[in-house]
Structures are given as structure tokens and as C-alpha cells.
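What follows is a short report on a single structure.
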Amino acid sequence: MRRLLALAALAIAPWTVLGAGDFVFAWGLATVDPLHVTTLPDYLFVYTAGLPARLLAWPIAVLLYLLAVVSAALGTAGWEDRRVTGGLLVLAGASHLRFSLGLSRLGLLAVPTGSLLLWTAAWWFHWPDLRDSLSRG
């Protein structure tokens with residue numbers, strides 16, 4: 001249960017920090033000055049027409065993260081393959097890194113905290129599972 005709560009808590013942490021007052025979360029974009037929030041559904045269905053693919057990597061990362069949380073939730077009932085959960089976290093971190101690098105390419109300073117948090121969670125909770133599956137391959 002601790003692992004599931006820790007993974008769910010990643011949704012409230014900023015996944016990318018942009019400069020001094022802009023943040024990307026799993027649920028949306030927040031700007032401090034002036035205070036404004038763009039939700040992930042708005043980003044996907046209102047503002048993304050014509051955006052390059054690298055800026056669509058954030059919603060993909062969120063989807064992979066949500067699948068990892070669902071997988072961990074299934075683990076409370078004994079129906080989880082922990083390698084899948086760990087792999088989803090690693091892939092979510094990689095996808096979000098692509099998004100952050102895409103923002104950096106636009107001339108913004110983008111710190112990919114979400115990638116670090118997702119990879120840390122994968123390492124902390126799933127490293128033995130991932131290591132065993134990698135050594136068998």
C-alpha cells in the first residue's frame with residue numbers, strides 16, 4: 001500500500017520546472033505570474049493543433065504513469081507483474097524527458113524533475129524485478 005501511495009503522490013509533484021514560475025504536472029500546466037492553469041484535457045483537445053510530436057510526449061508519459069499506478073493498484077489484489085509496473089515507470093520517465101528536452105529546444109530552461117522522480121520510483125520499488133528480467137533476456 002505504501003508503494004501505491006508513493007506512486008500516486010507523483011501526480012502532485014511538478015514534472016517539469018520552467019524558469020521561475022511555470023510548472024508541468026501530470027494533471028496540467030500551471031503558471032504563477034499571472035496565475036493560470038491549463039488542464040491536460042485542454043492541452044490535448046484545445047491547444048495542441050499543429051504542435052510538434054516532441055511536445056505530445058508529456059500526455060504519453062502521463063498515460064504510461066497512470067497505467068503503472070493501475071498496475072500497482074492491481075498488486076494490492078495480487079494481480080500485478082511488478083516488472084510491468086517498473087517498466088511503465090521507466091518508459092514514462094523517458095517520454096517526459098523527451099517533452100522537457102523539446103521545451104529546452106524552444107529556448108526555455110526545462111528541468112525534468114518528473115523523469116527523475118519516475119526513475120527513482122522505478123529504482124526504489126522495482127529495481128530487483130527489472131534487474132532479474134534484464135539478466136534473463
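For region 15-32, the tally of residues that are touching a residue at least 60 places away in the same chain (Cβ under 8 Å), in contact with a strand residue (DSSP E or B) (Cβ under 9 Å, 6 or more places away or on another chain), closer than 20 Å to Leu63 by Cβ and of a type in the set (A, V, I, L, M, F, W, C) stands at 2. Per the conditions (1) touching a helix residue (DSSP H, G or I) at 6+ places or on another chain (Cβ under 8 Å); (2) without any contact (Cβ under 8 Å) to a residue 24 or more places away in the chain; (3) loosely packed, with under 12 Cβ neighbours inside 10 Å, the sole criterion not satisfied by Gly78 is (1).
Here's the yes/no breakdown for (1) over 23 Å from Phe125 (Cα atoms); (2) hydrophobic (A, V, I, L, M, F, W, C):
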| site | (1), (2) |
| --- | --- |
| Ala13 | no, yes |
| Val17 | yes, yes |
| Gly28 | yes, no |
| Thr48 | yes, no |
| Leu63 | no, yes |
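Scanning region 33-44 for residues that are part of a loop (DSSP other than H, G, I, E, B) and in contact (Cβ under 8 Å) with a residue 12 or more places away in the chain gives a single hit, Asp33.
Against the test of being among the hydrophobic types (A, V, I, L, M, F, W, C) and either out of contact with any helix residue (DSSP H, G or I) (no Cβ under 9 Å at 6 or more places or on another chain) or within 15 Å of Ala13 (Cβ to Cβ) (or both), the options Leu101, Leu117, Leu106, Leu67 yield a single qualifying residue, Leu117. Scanning region 100-137 for residues that are surrounded by 14 or more Cβ atoms within 10 Å (Cβ to Cβ), of a type in the set (Gly, Ala, Ser), farther than 12 Å from Leu18 by Cα and without any contact (Cβ under 8 Å) to a residue 40 or more places away in the chain gives a single hit, Ala122.
Values in this text are rule-based calculations from the coordinates and carry no lab data. These figures come from a predicted structure and were not determined experimentally. Neighbour counts run over all protein chains shown; Cβ positions are idealised from the backbone, glycine included.
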